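*Asks:* The structure is given below, and queries will be raised subsequently.
Bear in mind that the values in this text are calculations on the coordinates, not laboratory data. Predicted, not measured: the structure shown is a model, and the values here were computed from it. All Cβ positions, even for glycine, are placed from backbone atoms using ideal geometry, and neighbour counts span all protein chains on display.
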Amino acid sequence: MTATEERVFVKPPSEVAKQRRGEIEDASRLPVKVKIRSLNFYYGGQQALFNNSIDIPAFRVTAIIGPSGCGKSTHIRVYNRIFEIYRSHRAEGIVEIDGKNVLSPVTDLLKLRKKVGMIFQRPTPFPMSIYDNIAYGIKLHYRASRGEIADRVEDALKRGALWGEVKDKLSEPATALSGGQQQRLCIARAIAVEPELILMDEPCSAIDPVATSKIEDLIETLRDSYTVVLVPHNMQQAARVSDFTAFFYKGHIVEFGPTKKIFTNPDNKQTEDYITGRFG
């Protein structure tokens, strides 16, 4: 899509979307955005993921929960192959996004990382102005006029729930923003290049409760236009914002299903023990 083509704006959450998390949905009836089969991952000679297989539904929020060190972050970082910045890290198996295996050696990583945005635990604003943080990716991926870039920057900041707070200081350094504002800036930066899948790796772990609430509200507005995979800050956050939940333990996917069922009536005893605080 060029900058002059019609853009898809995030719709405000409908009542149906708000009610969805209270329903028991069947993931097998939903379109699949990410299909993972027999995924294994290695840090050098140490295996961290074991035979992961899961279908991530499109246009839903999927949370990945489990004790510290169970492979949650490792799992989602395979989706955009960001793990490859370390030569000793490797993944084996199939990770299909829209039917294409992103682990294939012919995958265009620039296009993949445009399609799959990622938000990290700590905000990562670029050492440049607020405006340039958003404009950078637009310039990288699209041929656009100065006016078109400005429009898209404004649109992304609005969709990132930040425009009202920064519209009069776009030329100021992004690093001068508060932690919560920086995290929303990073979300707006990801949105600006029109991804289809957004990965969030504990996006609220380094911000205060008020900022966390704003991020959770933002996730609510994203769910109808993007597929979101979230490693939550805690189990309560998963229960609040996700439609589906996967429970990981020691690199294995123990159970996956609708969040309401996982938290109230899990099939696996190990899942129940973790949810109820017996371990983890």
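*Asks:* Could you list which residues have their amide H under 5 Å from that of M118, counting only those 5 or more apart in sequence or on another chain, with H placed in the peptide plane?
*Replies:* For M118, whose amide H was placed from the backbone, the distant partners under 5 Å are L199.
*Asks:* Please list 3J(HN,Hα) in residue order for the range 230-242, calculated via the Karplus relation 6.51 cos²θ - 1.76 cosθ + 1.60 where θ = phi - 60°; whole Hz, with x for glycine and proline.
*Replies:* Couplings: 10, 8, x, 5, 7, 5, 4, 5, 4, 5, 6, 10, 9 Hz.
*Asks:* Could you state the number of Å between the C-alpha centres of the range 187-223 and the range 232-280?
*Replies:* With the range 232-280 and the range 187-223 each reduced to a Cα centre, they are spaced 21 Å.
*Asks:* Starting from the Cα of K250, step 7 Å along the direction of its Cβ; do the same at V210; then give the gap between the two resulting points in nm.
*Replies:* The modelled label-to-label distance comes out at 4.4 nm.
*Asks:* Take the Cβ-Cβ distance between T107 and S28 as r, set R0 to 30 Å, and report the resulting FRET efficiency rounded to the nearest 0.05.
*Replies:* Using R0 = 30 Å, I get an efficiency of 0.65.
*Asks:* Going by how many other beta carbons lie within 10 Å of each one, how would you line up I82, I262, fewest first?
*Replies:* The most exposed by this proxy come first: I82, I262.
*Asks:* Given the pairs K111/K214; K139/K169; K115/K250; K33/K111; K100/K269, which are separated by over 23 angstrom at their Cα positions?
*Replies:* Among K111/K214; K139/K169; K115/K250; K33/K111; K100/K269, the Cα-Cα distance tops 23 Å for K111/K214; K115/K250; K100/K269.
*Asks:* Taking θ as phi - 60°, what are the ³J(HN,Hα) couplings along the range 45-54 by the Karplus curve (6.51, -1.76, 1.60), each to the nearest whole Hz, with x for Gly and Pro?
*Replies:* x, 9, 7, 10, 10, 10, 6, 5, 9, 6
*Asks:* How would T124, T245 line up from fewest to most surrounding beta-carbon atoms within 10 angstrom? Don't jump to the answer; show the numbers that get you there.
*Replies:* Working: T124 15, T245 27.
Least to most surrounded, the residues fall as T124, T245.
*Asks:* If I compute semi-axes √(5λ) of the Cα gyration tensor in Å from the structure I just sent, which labelled value in (i) 27, 27, 15; (ii) 39, 21, 18; (iii) 30, 22, 18 lines up?
*Replies:* (iii)
*Asks:* Would you grab the residues whose amide H sits under 5 Å from the one on K100? Only those 5+ places off in sequence or on another chain, please, with H modelled 1.01 Å from N.
*Replies:* Placed amide hydrogens put nothing under 5 Å from K100.
*Asks:* To continue, here is another question. Give me the percent of DSSP beta bridges within the chain that run antiparallel, rounded to the nearest 5.
*Replies:* The antiparallel fraction comes to roughly 60 percent.
*Asks:* I've got another one for you. Residues with amide H under 5 Å of I253's amide H, sequence separation 5 or more or different chain, H placed in the peptide plane at 1.01 Å from N; which?
*Replies:* For I253, the qualifying residues are S53.
*Asks:* Tell me, D243, D26 in order of fewest to most beta-carbon neighbours within 10 Å? Before the final figure, lay out the partial values.
*Replies:* Details: D243 22, D26 9.
Least to most surrounded, the residues fall as D26, D243.
*Asks:* Using the Karplus equation 6.51 cos²θ - 1.76 cosθ + 1.60 (θ = phi - 60°), what ³J(HN,Hα) coupling, rounded to whole Hz, does each residue of the range 166-173 give in order, writing x for Gly and Pro?
*Replies:* Whole-Hz 3J(HN,Hα) from phi for the range 166-173: 10, 4, 9, 9, 5, 8, 7, x.
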